[in-house]
1. List every residue pair whose Cβ atoms lie under 7 Å apart, where the two residues are 6 or more positions apart in sequence or sit on different chains, the first residue falls within the range 160-189 and is under 24 Å from residue 45 (Cα atoms), and the second residue, located anywhere, is β-branched (Val, Ile, Thr) and modelled with pLDDT under 85.
2. With a cut-off of at least 1 residues that are closer than 30 Å to residue 10 by Cβ, polar (S, T, N, Q) and away from ligand 2 (no atom under 16 Å from the Cβ), name the strands (runs of 3 or more DSSP E) lying wholly within the range 126-215.
3. Looking at residue 151, is it charged (D, E, K, R), in contact (Cβ under 8 Å) with a residue 60 or more places away in the chain and either away from ligand 1 (no atom under 16 Å from the Cβ) or surrounded by fewer than 22 Cβ atoms within 10 Å (Cβ to Cβ) (or both)?
4. Can you pull out the residues in the range 164-198 that are within 15 Å of ligand 1 (Cβ to nearest atom) and surrounded by fewer than 19 Cβ atoms within 10 Å (Cβ to Cβ)?
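The values are calculated or read from the model by the stated rules, or taken from the named source; none is laboratory data. Everything numeric here is computed off the predicted structure, so don't read it as measured data. When we count neighbours, we look across all protein chains shown, and the Cβ atoms used for this are built from the backbone with ideal geometry, even at glycine.
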Amino acid sequence: MAFLEIDRLVKRFGATEVLKGIDLSVEEGGFLVLVGPSGCGKSTLLSMIAGLDTISDGEVRINGRRVNELHPSQRDIAMVFQSYALYPNMTVAENIAFGLEMRGVPKAEREVAVAKVAETLQMGHLLKRKPSQLSGGQRQRVAMGRALVRDPQVFLFDEPLSNLDAKLRVDMRTEIKRLHQRMGTTIVYVTHDQIEAMTLATKIAVLKDGVLQQFGTPAEVYNNPVNVFVADFMGSPS
Ligand code: ADP
Ligand code: MG
């Protein structure tokens, strides 16, 4: 049994079928990257995995349990989006600790957790600053810290780097890879950037119009694309 299993997943908005029967699985500690053009259903698939929206048909299981049957507080999932809103009046440390505070984690424990995350993300020197005193990349790192501090079983990223400039994107990509290697968390990561997909993924899933085109290792998908769409999208050699 894989850690994350997606079976015949269908999502409809009214009469429109946006996900048309997706089958995917991710091993524990795996890094699945979902790629595909804008509007193909990547974010929708991610929100199904997170249990943020109802499933029309099929199912998503994490560690053998169907996500839609779990109460949100039982879902050990953290999500990082491309647009991340930090609380402007709180310091970085307070922003990171906020979720723990809401869950009633005692102060001393929160401080330990924040210090650990700050070390992992190398931002100990930023903890007392307000978001307005941070660069875009530093803010994104705080957003990651907020997710990381909960020590989730599954980490979902929706194009987390698409608002950053090219140099920072490369730095953050390296950082996310390092984090994954260090923490061994299962990750599902959405991007429309093929290079990001190739460098981060243990498995890549290519979507088009709500249909899974190919699911395989980066090398398989790049070297043996199943159709012209995948070849074009991945920039495979012809
Ligand atoms: P991607 O993340 O790959 O760009 P999305 O998952 O956001 O794509 O969207 C897939 C399709 O579903 C798009 O055609 C989008 O317009 C549609 N869609 C997404 N959310 C909704 C919604 N809440 N109601 C109706 N249609 C939606
Ligand atoms: Mg999207």
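1. From the range 160-189, the pairs are 179/120.
2. 186-191
3. Working: charged (D, E, K, R): yes; in contact (Cβ under 8 Å) with a residue 60 or more places away in the chain: no; either away from ligand 1 (no atom under 16 Å from the Cβ) or surrounded by fewer than 22 Cβ atoms within 10 Å (Cβ to Cβ) (or both): yes.
No; evaluated as a whole, the condition is false for this residue.
4. First, pick out the residues of the range 164-198 that are within 15 Å of ligand 1 (Cβ to nearest atom): 188-194, 196-197.
Within the range 164-198, 192, 193 meet the criteria.
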